[in-house]
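The structure appears below as structure tokens.
The values are calculated or read from the model by the stated rules, or taken from the named source; none is laboratory data. Just so it is clear, the model here is predicted, and its values are computed rather than measured. As a convention, Cβ positions derive from the backbone with ideal geometry for all residues, glycine included, and neighbour counts pool all protein chains shown. Side chains included, ligands, DNA and RNA excluded: accessible areas come from the protein's heavy atoms. Shrake-Rupley method; radii C 1.70, N 1.55, O 1.52, S 1.80 Å.
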Amino acid sequence: LDDIMQILPGSLNLVCGSPGSSKSLLMLQLAAGWYVAGIQCAILELEKDRTFHLRRTLAQASNLAMMTNNRWVLANADLAQRTAAQHTDFIDGFGRLVNAMPDKMIYQKDVCDWVQQKADAGCRAVIIDPATKAERQAAAWTSDGQFVQRLQQIPTQTRLIIILVLHPSK
């Protein structure tokens, strides 16, 4: 990842791509790497539930991509259960970092408050996926600017790394 972009303490980083381009998978893999390295981090998932993201993480950790496929899991229940059992400690620990709120109305202000709470709790990195799912409370041209400005103040003061996953608009 360092070859693609420099992720430095005190930075606000944007990852932008079309839906389905594997941004979320990349972010889960990045966060799992930080977790394994002992770097305190957190993820705010605004699409899909926690189980969805943890199954993807299990698929990555086990090198069994089919763990995300319900039909395959049913047809290979013994292997799926053994695989899950082998990775229970990792998934339980990593799962504590994953905050999923797909069905709740989240505003940009809520995201900023969450990021500040994580920074205050000692996190060194946070990921918001996708930040574009956070609702605006005013017109886009003022709300988005205020959102980014407030977010940028947090890493400047705390050395936090923030990664915003974005879906481009038409």
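Send over the per residue convex hull volume for region 101-170, Cα only, as a whole number of Å³. Don't jump to the answer; show the numbers that get you there.
Numbers: hull volume 6.2 nm³, N = 70.
Cα convex hull per residue, to the nearest whole number: 89 Å³.
When the accessible area of region 1-144 is computed with all protein chains present and a 1.4 Å probe, what percentage of it is carbon and sulfur?
Details: 4150 of 8200 Å².
For region 1-144, the apolar C and S fraction of the accessible surface comes to 51 percent.
Using only DSSP helix segments of four residues or longer, with each worth -39500 (n - 2.57), what per-residue ellipticity at 222 nm results for the chain after dividing by its residue count and rounding to 500? Before the final figure, lay out the partial values.
Values: 7 runs with 83 residues, N = 170.
Mean residue ellipticity, 222 nm, calculated: -15000 deg cm²/dmol.
Just the accessible area per residue of the chain, please: how many Å² with a 1.4 Å probe? Could you put the intermediate results ahead of the total?
Numbers: 9780 Å² over 170 residues.
On a per-residue basis, 58 Å².
Any lysines with Cα under 23 Å of the Lys118 Cα? List them, leaving off those in the same chain fewer than 8 positions away.
Of all the lysines, those that pass the test against Lys118 - Cα under 23 Å, at least 8 places apart if same chain - are Lys23, Lys48, Lys104, Lys109, Lys133.
Where Lys and Arg each count +1 and Asp and Glu each count -1, what net charge lies around Pro130 among other residues with Cβ under 12 Å from its Cβ? If you can, show how the numbers build up before the last one.
On the way: positive: Lys23, Lys48, Lys133; negative: Glu45, Glu47, Asp129.
Neighbour charge sum, excluding Pro130 itself: 0.
Would you kindly compute the Cα radius of gyration of region 9-60 and its largest Cα-Cα separation (Dmax), both in Å?
11.7, 31
Compute and list, largest first, the equivalent-ellipsoid semi-axes of region 38-138 from the alpha carbon gyration tensor, each √(5λ) rounded to a whole angstrom. Walk me through the intermediate numbers first.
On the way: eigenvalues 178, 56, 14 Å².
Ellipsoid semi-axes (Å, largest first): 30, 17, 8.
How long are the three semi-axes of the equivalent ellipsoid of the chain, in whole Å, if each is the root of 5 times an eigenvalue of the C-alpha gyration tensor, listed from largest down? Could the numbers behind the result be given before it?
Values: eigenvalues 174, 65, 40 Å².
The equivalent ellipsoid of the chain has semi-axes of 29, 18, 14 Å.
Give me a comma-separated list of calculated 3J(HN,Hα) values for region 48-64, in order, Karplus coefficients 6.51, -1.76, 1.60 applied at θ = phi - 60°, integers in Hz, x for any Gly or Pro.
6, 7, 4, 4, 4, 5, 6, 5, 5, 5, 4, 4, 5, 5, 8, 6, 10
Give me the net charge for the shell around Ile154: Cβ to Cβ below 11 angstrom, other residues only, Lys and Arg +1, Asp and Glu -1. Please report the intermediate quantities before stating the final value.
Working: positive: Lys118, Arg150, Arg159; negative: Asp113, Asp120.
Residues close to Ile154 contribute a combined charge of +1.
Around Asn99, what is the net charge, scoring Lys/Arg as +1 and Asp/Glu as -1 over all other residues with Cβ under 10 Å from its Cβ?
Net local charge, Asn99 excluded: +2.
Got a sec to turn the phi values of region 137-150 into Karplus ³J(HN,Hα) couplings, 6.51 cos²θ - 1.76 cosθ + 1.60 with θ = phi - 60°, whole Hz, x for Gly and Pro?
Rounded to whole hertz, the list is 10, 8, 4, 3, 5, 9, 5, 5, x, 5, 4, 5, 4, 5.
In region 83-170, with Lys and Arg counted as +1 and Asp and Glu as -1 at Cβ, which of these residues, Ala134, Leu97, Ala85, has the Cα nearest the positive end of the dipole, that is, farthest along it?
Of the listed residues, the answer is Ala134.
I need the semi-axes of the equivalent ellipsoid of region 36-76: take the C-alpha gyration tensor, multiply each eigenvalue by 5, square-root it, list largest first in whole angstrom.
23, 14, 5
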